[in-house]
Amino acid sequence: MAGADEGQSAGSLSIGALVRWHQREWEVAEWQGPLVTLVPQDGAEAPRAVSFRWLVGAEDFAVLSGGAAPAAGGAALEGRGRLEGQEEEAELWQARMVEIDTGLAPGRSEHARGFGPDTTLAQRCAAMSARLAADGIRCSAHTLADKRRKWKAAGENPVVLLPAGRGKRPGGFTDPRCLSAMQEVVARRAHASDVTIDVIREEVEDLLHSRYAMELGSAGVAALLPSRSTFYLRMKESGLADALGQPTRSRAALASTPPLPHGGREVVLRPGQVTQTDTTPLRILARGDDGRPTATELTSLIDVANHTVCALMITPSRPRDAESGQAGQATRAIDLTLMLAQAFAPWPVMPGWDPLSAATASSLPFGALRAADERFTEATAARPVIRPELIIYDQGSPYVSEHFTEVCDRLRIARRPARKKTPTDKPLPEHFFVTLAHRFSQHVTHGWQGRSHKKRGRGIDRMPLYTIAELQQMAQEWVALEYQQTPDAGLRDPFRPGVVLSPNAMYAVQVARSGYRPVPLSPAQNRFFLLSRWVIPGKGGFMINYRTYQPVAQDAAHYREILLRGGSKLPGREKQWECRFNPYHPERVWLYDHTADTWVTCDFRLRHLLHDPWTADMWQEHAEQHRAAGGSEKDEEAIALSLAQRDRRRRSRRPPPKRTGAEPPFQGLELETEQPSQDP
């Protein structure tokens, strides 16, 4: 399997790429499972099939040029649109080119005069030129020969025969520096009161003087600014005049739109090239940590190439309680990173799942995937493993958080924000939510609230509801069993356009061309998915949210070495060291030693008092109760005893007839962060 360094050097490796290997140049001709077929450029020997890991692990390996094969005629079709309104003209030119090329017009069995089998290409071009001149169309024989050459280079595509439209120059002859200054001034005024275009022109003039006066002088800056009438015209053409006339809220929303290309149809050819993610209410009540009904939210990551659900995450959602002061809960950055970790590993088939939800019973190329990735077993669910390269995300606070950005940067995942209140920028998650509501949610008999408040059933909150973990498993089984194996009208094989494919079948078609490279993450790498805290280690340990953590016995010597160094010596951190922890499992944290790229495992000092599962949210809840009773939130022993008594009461008393007792807390998705222990 390719490691981190291998993936960096082979990131652009694809069919048709030129690579250097064993001091020679090779062309990638085929990719089948873990084997890559190489053809030597000098022709000195026959093609060779080598292992991908062996290939990229060589010392002199390098990708000389990318090999993403363009579509036929891609260069010839650049800058041209489709055939809207020009179908008849394209058919006429197609028939003329066929007659010039073959001598026979389409649908005829006899050669016209001047197009016989004994004529040359130049004679046929001259005959076609004379025929067009008789019809009033001026086109010389040399022009027809050039058209035929372009037509053949484009794969006999008639689009290249049509005259290319000349687009209007944006901004006319106004200097681009003035146009950018106009946009900057209007964006600066987005949150202020409305002004006229005259005020905008004065501010643009001041901005140009302050920015280019030293470089161009007063006369040069005056030449950048157009006349008053032209300035009004440019404001109207660019839409800035209409933006000034909108309400303040609309202007502010428009100014927050990121300057990126949105809304266009992207060419996506391989799995993971573009993915989309979003979060929405699930409209299914679940049993919360306190045994009461709680709302839920669903976050999904959808691949654009084959509509595969790369990962999904169900989390509890509740507003802040004004009476008790209990904090609200919703999808957080740690939930997004745990969801992102799902995309890098296969889903296991859980006990009780339908046997048809396994990958062996689906249209996935299980044999090839298993040969390339040892993690694929007989108990793997029917959902492909897709590594996202680009994520189009909503501008919610979890998606723009520092933690989610750091994890994406570490995994080399590009990010593109969608426009606010523009669901068309990420239509696949929006459509998946509707599909899940119709085909999964309404079949969850306990807790389904209906598509609206008016259609909600009676007594929903009194039903025996499912827990969050149970809903997560049910949703994953539905994805592997039904969604991934149901034909989608939007998925078509380019070689069989009449056949409708399922997401798994479409993935099988695409992975045969693009190949599959496993990216397994070790427990040490998985720890970077967790939240980070900067702590100062001491002789008695260090604190996170007033909980003291101390090193385990096997890492005590390493911890003492960290204390002797006096500090991390990192810029801006001085004595602080980076620590990673999971708020859903706060009983254990990991201290990162950047000098040796190793981890020091530390446990909560009072872990022996807490035998049942607990979370950081539960700790904070009991800390607030202890503070309300006159105590201090720094008294970790009293808070730990209060938390232990809660669990002891839940285990010892007789189960109540109704759901009023506490339940095991929601602890997120499992993430492998522990090193496997050696069998003695």
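The values are calculated or read from the model by the stated rules, or taken from the named source; none is laboratory data. What you see is a predicted model; the values in this text were computed from it and never measured. Note that each Cβ is placed from the backbone with ideal geometry, even for glycine, and that neighbours are counted across all protein chains shown. SASA here: full protein model, heavy atoms, side chains in, ligands and nucleic acids out. Shrake-Rupley method; radii C 1.70, N 1.55, O 1.52, S 1.80 Å.
Rounded to the nearest percent, how much of the accessible area of the chain (1.4 Å probe, protein heavy atoms only) is carbon and sulfur? The computed percentage sits at 52. Averaging Cα coordinates gives a centre for region 371-443 and one for region 455-491; these two points are 18 Å apart. Here is the list for region 316-423: GluC sites (Glu not before Pro) lying in DSSP coil, each with at most 16 other C-beta atoms within 10 angstrom of its C-beta, are E323, E374, E378, E389.
Coupling constants for region 98-103 follow from the phi torsions by the Karplus curve (6.51 cos²θ - 1.76 cosθ + 1.60, θ = phi - 60°), and in residue order they are 5, 5, 5, 6, 10, x Hz; glycine and proline get x. W614 contributes about 10 Å² of solvent-accessible surface, heavy atoms of the protein only, 1.4 Å probe.
Accessible surface calculations at 1.4 Å, restricted to protein heavy atoms, place region 81-149 at 66 Å² per residue. The aspartates and glutamates within cross-link reach of K539, meaning a Cα-to-Cα straight distance under 13 Å and a gap of 8 or more places when in the same chain, are E561.
Summed over all non-identical Cα pairs, the Kirkwood treatment of region 453-586 gives a radius of 21.1 Å.
Computed from the C-alpha gyration tensor, the three semi-axes of the ellipsoid equivalent to the chain are 56, 36, 29 Å, from longest to shortest. Between the residues Q449, T422, F433, the greatest Cα displacement towards the positive end of the dipole of region 410-464, with unit charges on the Cβ of Lys, Arg, Asp and Glu, is found for T422.
Per-residue 3J(HN,Hα) values for region 547-563, derived from phi via the Karplus relation 6.51 cos²θ - 1.76 cosθ + 1.60 with θ = phi - 60°, read 10, 8, 10, 10, x, 6, 4, 6, 10, 5, 5, 5, 5, 5, 5, 5, 5 Hz in sequence order (x marks Gly and Pro). Shape annotation for region 169-299: C-alpha extents along the principal axes are 74, 42, 28 Å, from largest to smallest.
Taking θ as phi - 60° and the Karplus parameters 6.51, -1.76 and 1.60, the scalar couplings of region 470-486 work out to 5, 5, 4, 5, 5, 5, 5, 5, 5, 5, 6, 8, 10, 5, 5, 10, 9 Hz in sequence order, x denoting glycine and proline. Taking packing as the residue-averaged number of other Cβ atoms within 10 angstrom, the listed peptides 230-242, 523-535 run from highest to lowest as 523-535, 230-242. Taking label positions 7 Å along the Cα-Cβ direction at both S140 and D198, the computed distance is 5.7 nm, reported to one decimal. The smallest convex shape that holds all Cα atoms of region 120-242, its convex hull, gives 207 Å³ per residue. Taking every protein chain into account, the accessible area of region 458-570 amounts to 50 square angstrom per residue (probe 1.4 Å). Spin-label model, F173/K421: points 7 Å from Cα along the beta carbon direction are separated by 4.0 nm. Here the chain carries DSSP beta bridges of which approximately 90% are antiparallel, counting only pairs with both residues inside.
Is the shape of region 321-446 rounded, prolate or oblate, going by the alpha carbon gyration tensor and its root eigenvalues a ≥ b ≥ c, with a/c under 1.5 for rounded and a/b larger than b/c for prolate? Prolate shape, in that a/c is at least 1.5 and a/b is the bigger ratio.
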